[in-house]
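Next up is a structure, given as structure tokens.
The values are calculated or read from the model by the stated rules, or taken from the named source; none is laboratory data. Quick caveat: nothing in here was measured; it's all calculated off a predicted structure. So basically every Cβ, Gly included, is an ideal-geometry build from the backbone, and we count neighbours across all protein chains shown. The accessibility values were calculated without ligands, DNA or RNA, using every heavy atom of the protein model including side chains. Shrake-Rupley method; radii C 1.70, N 1.55, O 1.52, S 1.80 Å.
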Amino acid sequence: MADPACERLALIGVGLIGSSIARAARQFGAARHVAVMDSSQEVVRRASELGLADVATQDYAQAVGGADLVIVCTPVGVCGDVAQSLAPHLQKGAVVSDVGSVKGAVVAQMTPHLTEPARFIPAHPIAGTEFSGPDSGFATLFQNRWCILTPPENADAAAVEKLTKFWMRLGANVETMSVAHHDAVLALTSHLPHLIAYNIVGTADDFGDETRSEVIKFSASGFRDFTRIAASDPIMWRDIFLANKDAVLQMLGRFNEDLSVLQRMIRRGDGEGLLEFFSRTRDIRRSIIEQGQDTAAPDFGRRAEGR
Ligand SMILES: NC(=O)c1ccc[n+]([C@@H]2O[C@H](COP(=O)([O-])OP(=O)(O)OC[C@H]3O[C@@H](n4cnc5c(N)ncnc54)[C@H](O)[C@@H]3O)[C@@H](O)[C@H]2O)c1
Ligand SMILES: O=C(O)C(=O)C[C@]1(C(=O)O)C=C[C@@H](O)C=C1
């Protein structure tokens, strides 16, 4: 393997993201040796069956010992416990990272346990699906997607460079920003849309049996896209909303104000206002497509299901 980004990679948590990294690291030559660790015996057994890594274990020492890059891929709510468990087994100079959808809470939970905090470089690949577990991952998940790094102010430059090289080898584009900025942006672009999807599907469900069967029957429309998002992992999303509470509540306040404006336009029969509003939002969709950022999520689902 010519010039891998790291020698020995350890992944803690081998669900959708961990197993996608394991597959991609091998396929694109990002690591010479891959170890995966998971607290679930069933997941470790499945990771072994799938041949995802050189080592699949429930033991932190076995996974982390000797690794030069350790990436935590568990739900954000357990990141602190995971950091505490892995820290005693880290080799000196190892780079530690994560993939959590929230950065502030993860940094606060993990950093106190790490003896070389300047080598803890938090990261967040903006790529995923509504599926979970080791079977749902695929090697191309990160191709042409963003991976955001939020290094601390005193970050070790070599550690940042190593992690950047790793994610680029997996096909991602890397951008760096502050923890607070990350959490504000993602509250709007990812967390709020999930909350809206959970809410609208919940509302439809509350309408009772007759409406529910019609929802299923006629859902080959916009509603279907909401049901895909609302099928996302409940543990992961509970943890995200609790961990990014302030930024989500701030965006939700703004969202509610804007919704009231639309509500008033409908009530007053303000067609001009509605037309102007919907034209502006259509332009945003068009510019996303022009920038090549439309990744047709249902296709991700099909690829994952076909695995
Ligand atoms: N799913 C997405 O779309 C997506 C995208 C980007 C980032 N993320 C982030 O990636 C992380 C993982 O998400 P996922 O979708 O892969 O979840 P997942 O549910 O598919 O996998 C999580 C794995 O972590 C394991 N785990 C839980 N607690 C553990 C512990 N204490 N020690 C070791 N293993 C433990 C679980 O057994 C499971 O196998 C989350 O922090 C999430 O915020 C998810
Ligand atoms: O495509 C999806 O299913 C996703 O929800 C992926 C998505 C997102 O909101 O874009 C979800 C959470 C992650 O932190 C990053 C990506």
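Sort Arg267, Arg26 by heavy-atom solvent-accessible area, probe 1.4 angstrom, most to least.
Putting Arg267, Arg26 in descending order of accessible area: Arg267, Arg26.
Of the residues Pro151, Pro117, Pro234, which exhibits the maximal mean-square fluctuation in a Gaussian network model of the chain defined by a 10 Å Cα contact cut-off?
The residue that fluctuates most here is Pro234.
On a 0 to 90 degree scale, rounded to 10, what angle separates helix 157-169 from the longest Cα axis of the chain?
It works out to around 60 degrees.
Right, next: For a quick check, take a GNM of the chain with Cα springs below 10 Å and name the residue from Met110, Met168, Met265 with the largest mean-square fluctuation.
Its mean-square fluctuation being the largest, the pick is Met265.
Quote the FRET efficiency, to the nearest 0.05, computed for Leu188 versus Ile266 with a Förster distance R0 of 25 Å and r equal to the Cβ-Cβ distance.
On the way: r = 24 Å, r/R0 = 0.95.
E between Leu188 and Ile266, to the nearest 0.05, is 0.60.
What is the sum of charges, Lys and Arg at +1 and Asp and Glu at -1, for the other residues whose Cβ falls under 12 Å from the Cβ of Ala180?
Details: positive: Lys103; negative: Asp183, Asp246.
The answer is -1.
Test of understanding: what is the full-extension gain from Gln84 to Ser219, defined as 0.36 nm times their sequence separation minus their Cα-Cα distance?
That works out to 44.1 nm of additional length.
Under a 10 Å cutoff between Cα atoms, tell me which one of Ser287, Ser132, Ser178 has the largest fluctuation in the Gaussian network model of the chain.
For the chain, modelled as a Gaussian network with Cα springs under 10 Å, the answer is Ser287.
Give me the percent of accessible area attributable to carbon and sulfur for segment 28-94, probe 1.4 angstrom.
The computed percentage sits at 47.
Continuing with this model, one more query. In what order, largest first, do Glu272, Glu130, Glu257 sit by accessible area if the probe radius is 1.4 Å?
I get Glu272, Glu257, Glu130, largest accessible area first.
Under the definition of Cα pairs under 8 Å and six or more residues apart, what whole-number percent is the relative contact order of segment 141-285?
21
Report, to two decimal places, the Cα Rg of segment 1-127 normalised by 2.2 N^0.38 Å (N = number of residues).
The value comes to 0.96.
Also, quick follow-up: Rounded to the nearest 10 Å², what accessible area does Lys217 show when all protein chains are kept and the probe is 1.4 Å?
Approximately 150 Å² for this residue.
Taking the 0 to 90 degree range and rounding to the nearest ten, how far is the long axis of helix 271-290 tilted relative to the main principal axis of the chain, both from C-alpha atoms?
30
Another question, then. Between beta-carbons, use under 11 Å as the cut-off and find the net charge around Thr211, counting Lys and Arg +1, Asp and Glu -1.
Values: positive: Arg212, Lys217; negative: Asp205, Asp206, Asp209, Glu210, Glu214.
Result for the neighbourhood of Thr211: -3.
Give, to the nearest whole percent, the P(r) tail of segment 19-80 beyond 13 angstrom, counting all Cα pairs. The partial results should precede the final answer.
Values: 1187 of 1891 pairs.
So the pairs more than 13 Å apart make up 63 percent of the total in segment 19-80.
Test of understanding: express the Cα radius of gyration of segment 101-194 as a ratio to 2.2 N^0.38 Å, with N the residue count.
1.12
Taking the chain as the reference, fit the longest principal axis to its C-alpha atoms, fit the long axis of helix 16-27 to the helix C-alpha atoms, and give the angle between the two in degrees, 0 to 90, nearest 10.
So the inclination is approximately 50 degrees.
Which distance in Å, rounded to a whole number, links the C-alpha centroids of segment 157-186 and segment 226-299?
Using only Cα atoms to place each centre, the spacing works out to 25 Å.
Order Ile216, Ile289, most accessible first, counting only protein heavy atoms with a 1.4 angstrom probe.
The ranking, largest first, comes out as Ile216, Ile289.
Turning to a different aspect of this structure: Arg254 accessible area, nearest 10 Å², 1.4 Å probe?
So the heavy atoms of Arg254 present about 140 Å² to solvent.
Suppose R0 equals 35 Å; then what is the FRET efficiency for Gln250 and Ala158 from their Cβ-Cβ distance, rounded to the nearest 0.05?
After rounding, the FRET efficiency stands at 0.45.
Using the Kirkwood radius built from alpha carbon pairs, what does the Stokes-Einstein equation give as D for the chain at 4 °C and 1.567 mPa s, in µm² per second?
Using the Kirkwood radius from Cα pairs, D works out to 63 µm²/s.
Please report the relative contact order for the chain, taking Cα pairs under 8 Å with a sequence separation of at least 6, and give it as a percent rounded to a whole number.
RCO, the chain: 17 percent.
For segment 63-111, max minus min Cα coordinate along each principal axis, in Å, sorted largest first?
Largest first, segment 63-111 extends 28, 16, 15 Å along its Cα principal axes.
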